[in-house]
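No lab work stands behind these numbers, since they all come straight from the coordinates. Since the model is a prediction, treat every value here as computed from it, not as a measurement.
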Amino acid sequence: MVHIRSVSSDEEIVRKYLFSQGFRYRKNDRRYPGHPDIVLPKYKTMVFINGCFWHQHPGCPRASIPKSNSDYWVPKLKRNVERDRQNMQILKQDGWNVIVVWECTLAKAKRSETLKKLAEQIKANNRKEIIHANN
């Protein structure tokens, strides 16, 4: 468990980038299901910065199940995934655009590309009636 990083530094990277690009947001807003890491009311968008292990990023090597105490870890991680799915479904039904940024996409090699795509997706969601962007 020592090798599982905290996502707080990843959240800070994303927040600083968005702020530098002119986005204004609320962070960790407890009024919404799942307590989104970033809420952009102007763009009706919520951003979750998810750790690959804790939220079981599909296909990611960081999402492996620990070999010891698997009776504990398997149900716990499945609950996390199911809770994420339910929260995102509720938010989408309420008209929010939901974006998930995975921890592995914020590695130095991929970071700038990921952040640029995030900013583009936020702006595209704001104009979705015109360009029909996918959520």
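Less than 5 angstrom separates the built amide H of T45 from those of L40, N97, all sequence-distant by 5 or more or on a different chain. Non-local lysine pairs in the stretch 8-131, meaning eight or more places apart or on different chains, with alpha-carbon distances under 19 Å, amount to 29.
The angle between the Cα long axis of helix 70-93 and the longest principal axis of the Cα atoms of the chain comes to about 10 degrees, rounded to the nearest 10. Pairing the Cα long axis of helix 8-20 with the longest principal axis of the chain, what angle in degrees results, from 0 to 90 and rounded to the nearest 10? Once rounded, one gets 10 degrees.
What Kirkwood hydrodynamic radius, in Å, does the stretch 8-131 give when the mean of 1/r is taken over all pairs of distinct Cα atoms and then inverted?
Values: mean 1/r = 0.0649 Å⁻¹.
Over the stretch 8-131, the inverse of the mean reciprocal pair distance is 15.4 Å.
When the alpha carbon gyration tensor of the stretch 48-87 is reduced to an equivalent ellipsoid, the three semi-axes, largest first, read 17, 13, 7 Å. In the chain, helical runs assigned H by DSSP with n ≥ 4 each contribute -39500 (n - 2.57); averaged across all residues and rounded to the nearest 500, the mean residue ellipticity at 222 nm is -14500 deg cm²/dmol. Straightening the chain between S112 and Q21 buys 31.5 nm, computed as 0.36 nm per residue apart minus the Cα-Cα spacing.
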